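Engineer: The structure's right below; bear with me while I get my questions together.
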Amino acid sequence: MEAQRYDVVIAGAGLVGLALAPALARTGLSVALVDRAPIAAPEPDPATWDSRVYAISPGSATFLRALGAWQRLPADRVAPIEAMRVAGDAGATLTFSAFDFGERALAWIAEERALRAALLPGVFEAGVTVVGGAPFVGLIWGADEARLTLAPDGEEARELSARLLVGADGLRSWVRTAAGIVAEPRPYGQTAVVANFACGLAHHGIARQWFRADGSVLAWLPLPGRRISIVWSAPEALAAELLALSPATLAERVAAAGDRALGELTPLTPPAAFPLALLKLPAAIAHRLALVGDAAHGVHPLAGQGVNLGFGDARALAQVVAARGPVADPGAPVLLDRYARRRAEPVLAMQAATDGLARLFGPSTPWLSSLRNAGMTAVDRLPLLKRALAQPALR
């Protein structure tokens, strides 16, 4: 079996892989994008809403705009977060405003399927080879290349060789394991319950978040019109209870937990569940390998920064490769080291912040509750500190 040769093979066609492929192809490299599932744009359905949504930061939006993807998003399927209100479990509040930071929005809420549909045309326009429906079955390393073996359904196995292999295949990355980078995601003992609702009152572009006394975190994110998407990061027993409720009862439970801030809620999508885990790696690079997105790191969703960290990985790797100068080999150790150094600080900072908050608001010890709520109140009164806390998430 003769291998098909590329400069870069990206294993994983999630949002980060879809963004990285054209970004690298534009630097003059031959790129292949492969995935175990078929790679296709989902059919738009104006009558329904995707239960999986993302908060796209201004920095990520700039990256997607440079790829031509942001412009393809339908305006009526994207909602800006113009302000955010955070409530502690003992009455403390913390507010953020896009106006105070000189931004149009703190983030934009977009559906996963809309983002996929916006990114995929750029992959083909950049001349990327796309191979979908092809499970990964073998990976071997040579001095000058990595060889990935695929087994497409109903076809003979095929082998792709690359001077740089990028693992973009998620939290339980097959590529990461095959490369010998051993790191088991550490479960939080929580599950994110997500669903969409129509609301009785206008949300005015305000996201709301409650740190609750039961150790859960409830977020309401604005969708276009009088609609919201919710993420309830709940201990496993509570998550199981919520998932077992009827749609109407779940809507009532969510409304009550949010102090009925938007009036009556009406279910738009059935709830979905995603177990939560922290993933810290000893290294996001290896011989002829770079990891990006959830394959490289896992964070708690309370700050909504998982996909933004992934887009940051894609942008950084593309920038390092584009600035390679006389280094023709995209898998050269000097380039991989530059990528790793560039991403180490922002990833570790976001993991520390989200993990710290998740643990700080987990225990129900009275003295700790008083301390953390006092801290929220103090931060809310210090605009410069709020700006310093918000900037990493914005960018």
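Here, each number is a calculation from the coordinates, and none is a lab measurement. Because the structure is predicted, anything quoted here is derived from the model rather than measured. All Cβ positions, glycine included, derive from the backbone under ideal geometry; neighbour counts span all protein chains shown.
Engineer: Could you give each residue of the stretch 66-81 its phi-based ³J(HN,Hα) in whole Hz, using Karplus coefficients 6.51, -1.76, 1.60 with θ = phi - 60°, and x for Gly or Pro?
Structural biologist: Rounded to whole hertz, the list is 5, 7, x, 7, 4, 5, 7, 5, x, 4, 7, 10, 10, 10, x, 8.
Engineer: Over all pairs of distinct alpha carbons, what does the Kirkwood formula give as the hydrodynamic radius of the stretch 258-336, in Å? All intermediate terms of the calculation are to be shown ahead of the outcome.
Structural biologist: On the way: mean 1/r = 0.0632 Å⁻¹.
One over the average 1/r among Cα pairs gives 15.8 Å for the stretch 258-336.
Engineer: If packing is taken as the average number of other Cβ atoms within 10 Å across a peptide's residues, how do 173-185, 220-232, 93-105 rank, most packed first? Don't skip to the answer; put the middle values down first.
Structural biologist: Numbers: 173-185: 17.0, 220-232: 22.2, 93-105: 15.5.
For the peptides 173-185, 220-232, 93-105, the packing ranking is 220-232, 173-185, 93-105.
Engineer: Measure out, as a whole number of angstrom, how far apart the alpha-carbon centroids of the stretch 1-22 and the stretch 261-323 sit.
Structural biologist: Using only Cα atoms, the two centres lie 18 Å from each other.
Engineer: Restricting attention to the stretch 151-182, which GluC sites (Glu not before Pro) occupy a DSSP loop and are surrounded by at most 14 other Cβ atoms within 10 Å?
Structural biologist: Details: sites: Glu155, Glu156, Glu159; in loops: Glu155, Glu156.
The qualifying sites are Glu155, Glu156.
Engineer: Normalised by the residues of the stretch 88-197, what does the relative contact order come to in percent, with Cα pairs under 8 Å and at least six apart? Working shown, then result.
Structural biologist: Working: 75 pairs, mean separation 13.3, N = 110.
That works out to 12 percent.
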